[in-house]
């Protein structure tokens, strides 16, 4: 059975955004009991027109925290997003057994978990490993079962 081994979360703060609020949006994706322990890396860069952008990202490798984060996010999606996620799950799992979510950054800042409908998002990659080789369909089944258990 594949094991969730790592979660990578990444977003950006444009020059018009307050970086601390974007960081708060990112932290709101974790169960509350873990938020103060999450370290966020900040990397300053610029857009193709020279506008400053701050990239915020974190990587979590503690298996329990990874699993609880996935369960937290799935359990806080509204029914419409859950339905859409189930219908699109085959497009969210790659051949390396990574499961991808894109969540709405503004909604995350407000404490709500919603799938992104615009480019203003937080990208999440859940990395599964299996020592005998990974089958993307196994990951799809795991995510589907988790979502049905949360309903």
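The values are calculated or read from the model by the stated rules, or taken from the named source; none is laboratory data. These figures come from a predicted structure and were not determined experimentally. No Cβ is skipped: glycine too gets one built from the backbone with ideal geometry, and neighbour counts run over all protein chains shown.
Scanning segment 15-39 for residues that are surrounded by 15 or more Cβ atoms within 10 Å (Cβ to Cβ), in contact with a strand residue (DSSP E or B) (Cβ under 7 Å, 6 or more places away or on another chain) and over 19 Å from residue 107 (Cα atoms) turns up just one, 38.
Here residue 55 meets each of (1) without any contact (Cβ under 8 Å) to a residue 24 or more places away in the chain; (2) surrounded by 13 or more Cβ atoms within 10 Å (Cβ to Cβ); (3) within 22 Å of residue 18 (Cα to Cα) with one exception, condition (1).
For segment 107-124, the tally of residues that are surrounded by fewer than 17 Cβ atoms within 10 Å (Cβ to Cβ) and touching a residue at least 60 places away in the same chain (Cβ under 8 Å) stands at 2.
Counting the residues of segment 80-98 that are farther than 20 Å from residue 135 by Cβ and either in a loop (DSSP other than H, G, I, E, B) or in contact (Cβ under 8 Å) with a residue 40 or more places away in the chain (or both) gives 1.
Of the candidates 74, 101, 56, the single residue that is closer than 18 Å to residue 127 by Cα, touching a helix residue (DSSP H, G or I) at 6+ places or on another chain (Cβ under 9 Å), at pLDDT 95 or above and assigned to a strand (DSSP E or B) is 101.
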